[in-house]
Each structure stands twice: as structure tokens, then as C-alpha cells.
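These notes are about the structure you will find just below.
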Amino acid sequence: MPKKLLLLLPPLSACSALRVPRARPAASLAMNAARTGYRVFSANSTAACTELAKRITERLGAELGKSVVYQETNGETRVEIKESVRGQDIFIIQTIPRDVNTAVMELLIMAYALKTACARNIIGVIPYFPYSKQSKMRKRGSIVCKLLASMLAKAGLTHIITMDLHQKEIQGFFSFPVDNLRASPFLLQYIQEEIPNYRNAVIVAKSPDAAKRAQSYAERLRLGLAVIHGEAQCTELDMDDGRHSPPMVKNATVHPGLELPLMMAKEKPPITVVGDVGGRIAIIVDDIIDDVESFVAAAEILKERGAYKIYVMATHGILSAEAPRLIEESSIDEVVVTNTVPHELQKLQCPKIKTVDISLILSEAIRRIHNGESMAYLFRNITVDD
């Protein structure tokens, strides 16, 4: 009987194999490590646009992914990924230069290339989201921002990191998560450290539309608030939003007894400044500086009201057209923007333009998303109105 039992037992080598798992080959371990890694790519190969990507990778202690992005002779965009991205988290950093449409195509084509290369997640890091001003219906136009959100999802993006969207409601256009970071902590720090005697300053909103942002700055710095009212140019809220369609037709048949009240036309009052700026530093805050005519006009009004120094602060310094020249010739003493948009050329044309680096918060967002950590730390003390 004992001999039969011995025959039923497996060999000693087999028992050892069952008890002690065999060591995996080094190549297999390396493959698994690569699958859980991440890579950072720049969707634009020009030096001005890759500067922010290099700053982010330096803070992360990583290397910029190997890729080639270029325009062919016929104007088409071509993207080539030069390394394996299978099973990895891929972060595409795309800053928006003056050629917005080319930048959008570069981002879409790179995302689709990474999708077909079997990347696990594709996260777009777009500090300034293009077409964000076209987020409302205008007559018979279109909501282009919604279209762009759909295109990014179709191309393969699974997440977006952006900063200070022009309208917070834009996040609802996307079918995947959007982290809308804030640049205000960096700009507030600049005010405290770089503006002498900032306690004698007043935060200014150049229009009632910007009053909430200005109020947020004023409350955090414990400063006064002023609002410029009655500016000449039309704001976005004054434009037609499509609710007048279909157009009114002469001699149109009206249902008997139907008399709708007539909406009175808007008439803006003369330009006034609500708040005291006499003998104080005026700090105008906004989210975007593109055409600077309204900022120049606001600076002239503040000078007339007695402000002795004028700063303009915003997250996105697009500074298109003749903006550098107009700023240089204006009453504005300094324009402070972040590096969400490349503007090195404009800084050469106008020494009044200063830059605040926001690569720290973008790199930390990348690290947290890859490691599956909470993003709440990056939104400390951020309220709905910020």
C-alpha cells in the first residue's frame, strides 16, 4: 500500500515548482514596467512651442517623447511617433501659437497616431483652449468650441488638462474628464512679491463682465475694487444669440390678440469708474489679453481718475496684431501674463510684457493623474466664481 501511495505523488521537481514560482525573465519585467509608465510629447516642433513642454518634463524628471511634427510642401500636417507607446499613459502638450488651425490639426493627428499605436490613455495638456470664445450661439453661426470638443474625443483623447477656460460651462461640451486649473495663485504671488507697495493698489474690472474675477482677486489680497462701466465696444452678452430667428418679415401675419411686449434697446451710459482709484495703483485683471484696445482705453480712463501706476494681468497673453506697439505707446506700465501661450516675439517688441511660469502646476497635474491621485490639492480654496 505505501508503494502505491508513492507512485501517486508527483516528482520532487514538480512539487518544488508548485510551491516556489519561477523567476520571470528580465525582459518580461521590463515590458510590464513600460506598460505602467508614461510619456510626454509635444505636438508642435517649433522652439517657441516646445519651451513649455521642456519645462514640464524637467520638473517631472522625464525626457520629452521622440516624435516629428512638420508641414509638407502642400500644407498638410504629418506626425511620426519615433518610439513605442503601447500600454502607456501619454500626455500631449500643445501650446497654441498664432496659427491656431495648424495647432489644432497637429493635436488631432498626434492623438489619433497614439491611439492607433495602442496607447492606454491619451491626455491632452492644452493650457489655452482654442476657440473658447466661440462657446455661444451667434445668430446663424455655430458653437465651434463644442465641435472641437467632439473632434478631440473622436481623435482618441481620454482626458484634458487646461487652464482658465473663458467660460467654465465649456467643460460640459466634453464626453471625458476636464481639469480646468487656475493661474490666479501665481498671479497673486506676483502681485505680492513684484509690485512695490501693492497694499496701496485697487483691483479693477474693465467691464462689468469681469467683475467676479476682479472681486476674487480683491478679496484674496484684501484690496479695494473698482469697475469701469459704459465702455464703448460691445461685449459678448450684447450680441445676438440666435433667439431672433426666424427673422422678422414685413407685413407678417400675426395671430389676432397676440401682442408681445417690445424689448427696449440697450444704450450704454457715459464711461464711469465705480470705485476710488485716485492716488493708487490700478491692477486690471482678466483671463485673456488679445486685442488690447479695450485695455488701453481703460488705462487712459484710470489715469484721468488719478491712478499713478497701471498694471494689466491675465492668464493668456495672445497679444495678436499690433498689441505690443499699442501697449508700448499706452499708459500701461506693465502687462503680466503666464506662459500658456508662446509670446517671446511680443516681449522683444515690448519690454513692458512680463511672464509668469505655470509649468509647476501642469507638471504636478500630470504626476497626479498618472499615479491616480486626487486633484483636490490643486483646487484648494477655489470657489465657483474663481
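The values are calculated or read from the model by the stated rules, or taken from the named source; none is laboratory data. Being a predicted model, the structure only gives us computed values, none of them experimental. Virtual Cβ from ideal backbone geometry, glycine too; neighbours counted across all protein chains shown. Quick note on the areas: whole protein, heavy atoms, side chains included, nothing else; ligands and nucleic acids left out. Shrake-Rupley method; radii C 1.70, N 1.55, O 1.52, S 1.80 Å.
List of remarks:
- Boolean, LEU237 is at pLDDT below 70 and either assigned to a helix (DSSP H, G or I) or surrounded by 15 or more Cβ atoms within 10 Å (Cβ to Cβ) (or both): yes
- Residues (in contact with a helix residue (DSSP H, G or I) (Cβ under 9 Å, 6 or more places away or on another chain) and free of Cβ contacts under 8 Å to residues at least 40 places away in the same chain) located in region 293-305: VAL296
- Qualifying residue in region 319-337 (condition: within 30 Å of ASN121 (Cα to Cα) and β-branched (Val, Ile, Thr)): no
- Contact map, region 364-386: first residue free of Cβ contacts under 8 Å to residues at least 24 places away in the same chain, second residue in a loop (DSSP other than H, G, I, E, B) and open to solvent by less than 50 Å² (accessible area, probe 1.4 Å), Cβ cut-off under 9 Å, separation 6 or more or different chains; pairs are ARG368/MET375.
- For region 119-170, a residue qualifies if it is part of a helix (DSSP H, G or I) and open to solvent by 70 Å² or more (accessible area, probe 1.4 Å), and the qualifying residues are LYS146, LEU147, MET151, LYS154, LYS168, GLU169.
- Which listed residue, of ALA321, ALA297, is open to solvent by 30 Å² or more (accessible area, probe 1.4 Å), touching an Asp or Glu at 6+ places or on another chain (Cβ under 8 Å) and closer than 15 Å to ALA205 by Cα: ALA297
- Summed over region 59-78, residues that are open to solvent by 80 Å² or more (accessible area, probe 1.4 Å) and without any contact (Cβ under 8 Å) to a residue 24 or more places away in the chain total 5.
- Tabulated pairs, region 140-160, first of a type in the set (Ser, Thr, Tyr), second in a helix (DSSP H, G or I), C-beta under 8 angstrom, 6+ apart or interchain: SER150/PHE173
- Candidates PRO342, PRO351 - the one that is surrounded by 15 or more Cβ atoms within 10 Å (Cβ to Cβ), part of a loop (DSSP other than H, G, I, E, B) and within 32 Å of the chain's Cα centre (by Cα): PRO342
- Test result for TYR112, in a loop (DSSP other than H, G, I, E, B) and touching a residue at least 12 places away in the same chain (Cβ under 8 Å): no
- Unmet requirement for ARG120, which otherwise passes all of (1) within 17 Å of the chain's Cα centre (by Cα); (2) touching a residue at least 60 places away in the same chain (Cβ under 8 Å): (1)
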